[in-house]
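Each remark here refers to the structure printed beneath this line.
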Amino acid sequence: DEEFDELCFEFGLELDEVTSEKDIISKEKGKEKAKGASDTVLYKIDVPANRYDLLCLEGLVRGLQVFKERINLPRYEKIIPPQGEGQKLIVTEETVQIRPHAVAAVLRNITFTKERYNSFIDLQEKLHQNICRRRALVAIGTHDLDTISGPFTFTAKPPSEIKFKPLNQSQEYTASQMMDLYRTDSHLRHYLHLIENKPLYPVIYDSNGVVLSMPPIINGDHTKISLKTRNVFIECTGTDITKAKIVLDIIVTMFSEYCEKPFSVEAAEVVYPNGKTHIYPELAYRKEKVKPEFINKKIGISETPSSLAKLLTRMCLNSHVVGNGNSIEVEIPPTRADIIHACDIIEDAAIAYGYNNIQMTIPKTYTIANQLPLNKLTELLRLDVAAAGFTEALTFALCSEEDIADKLGMDLSATKAVRIANPKTAEFQVARTTLLPGLLKTIAANRKMPLPLKLFEISDIVVKDPSADVGARNYRHFCAVYYNKSPGFEIIHGLLDRVMQLLEVPPDEENGYTIKATEGSAFFPGRCAEIFAKGQSIGKLGVLHPDVITKFELTMPCSALEINIEPFV
């Protein structure tokens with residue numbers, strides 16, 4: 001285990017934990033539930049999100065074998081069948097509105113075992129979750145080619161006209177009935193929204209009208225792959241053609257090693273609505289040139305060009321020195337869609353060299369760091385307000401819409417709040433526009449504590465601002481509340497005077513601070529004042545309105561102060 005952990009680290013991966021099914025279940029559900037689960041040792045390996053070629057055992061083992069120089073990198077070969085014998089996928093124009101792109105390929109004379117089959121299904125699932133963005137960009141379908149006959153048609157039809165027996169079901173359903181059937185399915189219900197409200201649903205037929213699949217939801221039961229399957233037809237449909245090509249390349253390169261002729265893939269032809277045809281998979285190899293001194297400089301090492309080429313070859317990037325050692329020619333295989341820029345090649349060279357083998361050096365640039373003035377002021381204030389007998393609270397930056405509007409007697413549109421597009425809970429719908437609700441909720445959760453409760457918080461609030469480049473702006477606010485049998489307005493007023501004293505702002509109208517009577521929806525009439533300083537209004541203080549107090553489930557009077565401290569930086 002330790003050796004393998006070491007190897008993973010050298011290869012740029014992380015062995016997360018060594019566990020077993022039994023351990024996992026007993027941790028999550030208790031020992032009782034884990035009885036009868038398997039004790040087989042499982043390795044949980046963390047793979048970087050850009051390395052789609054390491055998402056299955058085949059690719060991982062191949063990568064590690066090449067890294068350890070036990071095998072040479074296989075050459076992936078595309079076999080184009082004689083004219084008229086290959087498989088064809090015809091795309092009709094109805095698909096344009098829903099999922100306009102499709103790619104296809106065939107794995108011939110493949111031999112599955114239980115392990116290989118499971119790995120094949122797992123890889124599709126991992127790709128669906130990762131590069132396919134939960135099937136929104138690409139959906140993969142794999143079919144037993146011997147159960148169907150081409151050419152295949154990828155089209156779109158009204159849901160009532162699509163009828164077939166979906167995978168692992170015993171009867172036929174129409175597409176509309178299927179939507180209802182899978183609405184309760186823990187796995188498939190997450191994908192229904194992708195086509196649910198569209199007038200036409202995408203569907204793939206063979207030449208006899210047998211349904212292969214209804215992407216991105218489910219395959220047909222007719223073309224189901226089993227351990228006896230010898231020829232696999234793979235189709236990927238999607239809204240992003242680049243991602244679809246990458247996904248197809250990954251699947252065929254990973255599993256072509258089990259074909260009768262290892263690492264060979266039979267190409268399929270895709271016919272587009274405009275009559276153009278394209279052969280997939282692309283399996284494109286491309287060459288890039290990188291200067292050795294550039295690699296050395298970026299990593300901070302001094303290796304010869306030939307040893308750099310050897311390092312890159314160990315990372316599945318076949319490389320050799322060209323032009324009197326002036327540059328390294330790197331061949332990028334179809335499995336490495338993550339190599340986009342020279343920096344990606346340099347990163348692989350650094351991994352093969354070993355991050356731990358790079359000599360640590362002190363940077364040649366000499367800089368002195370400084371604290372951000374706003375944060376420095378915040379830190380200083382926090383200490384002194386705490387010294388004044390108030391307890392600091394840290395509350396969530398997100399809250400519910402009613403916390404900042406209804407409960408404070410305001411209208412939501414007047415708050416200029418930034419809303420979250422798809423909140424997970426009702427508690428986190430908007431970014432807070434004031435710190436007060438957070439502190440009142442904190443008091444509500446600590447009602448059992450002895451009175452008085454004196455709390456404060458200095459944090460950011462967020463409001464919409466069309467003039468800002470991101471459409472919103474943060475302000476650093478200071479908020480304090482006093483909760484007791486009597487409102488204690490004088491205590492909050494005293495705290496304001498103390499804060500102003502600390503900020504060296506004198507109490508006068510010209511160049512200091514003043515307070516003027518005003519009305520606020522959250523405050524008791526006649527018990528609210530606006531605070532002016534530096535020629536602008538910086539906040540309010542006062543006794544909270546009984547309605548506000550009851551809405552936050554409190555029972556005693558409470559006074560509060562909230563100011564913006566940014567003008568004092």
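What accessible area, in Å² to the nearest ten, does a 1.4 Å probe give for R382? Spelled out: R382, probe radius 1.4 Å, area about 80 Å². Given a 1.4 Å probe and the protein chains as shown, D465 ends up with an accessible area of around 30 Å². How many angstrom separate the Cα center of segment 58-93 from the Cα center of segment 101-115? Taking the Cα centre of segment 101-115 as reference, the centre of segment 58-93 is 10 Å away.
Once both labels are positioned 7 Å from their Cα atoms along Cα-to-Cβ, the gap between E2 and V470 label points is 4.6 nm. All alpha carbon pair distances within segment 306-462 were sorted into 10 Å bins beginning at 0; the resulting P(r) in whole percents reads 8, 21, 16, 12, 16, 17, 8, 2, 0. Distance between the C-alpha centres of segment 241-280 and segment 309-376: 31 Å, rounded to the whole angstrom.
Which entry in (1) -0.21, -0.30, -0.67, -0.82; (2) -0.33, -0.47, -1.00, -1.15; (3) -0.37, -0.53, -0.93, -1.00 matches log10 I(q)/I(0) by the Debye sum over Cα atoms at q = 0.05, 0.06, 0.09, 0.10 Å⁻¹ derived from the coordinates of this structure? After the calculation, the listed value that fits is (3). Rounded, prolate or oblate: which one fits segment 406-475, using the alpha carbon gyration tensor with axes a ≥ b ≥ c (rounded when a/c is under 1.5, else prolate when a/b beats b/c, else oblate)? Verdict is prolate for segment 406-475. Of the three principal axes defined by the Cα atoms of segment 264-361, the extents in descending order read 59, 29, 25 Å. With R₀ set to 41 Å, the beta-carbon distance separating D338 from E566 gives a calculated FRET efficiency near 0.45. Once you have a ≥ b ≥ c as the square roots of the Cα gyration tensor eigenvalues for segment 1-46, tell me rounded if a/c is under 1.5, and otherwise prolate or oblate according to whether a/b is larger than b/c. Because a/c hits 1.5 or more and a/b exceeds b/c, segment 1-46 counts as prolate.
Would you mind getting the accessible area per residue of segment 373-568, heavy atoms of the protein chains only, 1.4 Å probe, in Å²? In whole numbers, segment 373-568 has 52 Å² accessible per residue.
Taking all protein chains together, M500, M449 sort by accessible area into M449, M500, largest first [probe 1.4 Å]. Computed across segment 138-266, the Kirkwood hydrodynamic radius from all distinct Cα-Cα pairs reaches 15.5 Å.
Look at where the Cα atoms of segment 135-159 and of segment 2-57 average out, and the two centres are 34 Å apart. Tell me, what is the FRET efficiency for K516 and D547 to the nearest 0.05, using R0 = 30 angstrom and their Cβ-Cβ distance as r? Using R0 = 30 Å, I get an efficiency of 0.80.
For the pair F294 and R70, a Förster radius of 41 Å applied to the C-beta separation gives a FRET efficiency near 0.85, rounded to the nearest 0.05. In the chain, Cα pairs under 8 Å separated by at least six residues give a relative contact order of 11 percent.
Once you sort the root eigenvalues of the Cα gyration tensor of segment 1-91 as a ≥ b ≥ c, which label holds: rounded (a/c under 1.5), prolate (a/b larger than b/c) or oblate (the other case)? It is oblate, given that a/c is not under 1.5 and a/b is not larger than b/c. Accessible surface comparison of M214, M360, probe 1.4 Å, protein chains only, largest first: the order is M360, M214. Counting only protein heavy atoms and a 1.4 Å probe, segment 1-46 has 77 square angstrom of accessible area per residue. Dipole orientation for the chain: of the candidates Y182, S413, I140, Y182 has the Cα lying most toward the positive pole (charges on Cβ; Lys, Arg +1; Asp, Glu -1). Probing with 1.4 Å while keeping every protein chain in the model, the per residue accessible area of segment 135-246 equals 42 Å². Magnitude of the charge dipole for the chain, about its Cα centre and with charges confined to Cβ atoms of Lys, Arg (+1) and Asp, Glu (-1), is about 500 debye.
Counted by Cβ distance under 13 Å from I492, the other residues give a net charge of +1, where Lys and Arg count +1 and Asp and Glu count -1.
Within the accessible surface of the chain, defined with a 1.4 Å probe on protein heavy atoms only, the carbon and sulfur portion equals 51 percent.
Site pair E161 and A136 shows an inter-label distance of 2.9 nm when each label is modelled 7 Å from Cα along Cα→Cβ. Choose one of Y355, Y513, L54: the residue whose Cα lies farthest towards the positive end of the charge dipole of the chain (beta-carbon charges +1 Lys, Arg; -1 Asp, Glu; about the Cα centre). Result: L54, furthest along the dipole toward the positive end.
The values are calculated or read from the model by the stated rules, or taken from the named source; none is laboratory data. It should be emphasised that the depicted structure is a prediction, and the values quoted were computed from it without experimental measurement. Every residue, glycine among them, receives a Cβ derived from its backbone with ideal geometry; neighbour counts consider all protein chains shown. Each accessible area value is taken on the protein alone, full model and side chains, heavy atoms only, with ligands, DNA and RNA left out. Shrake-Rupley method; radii C 1.70, N 1.55, O 1.52, S 1.80 Å.
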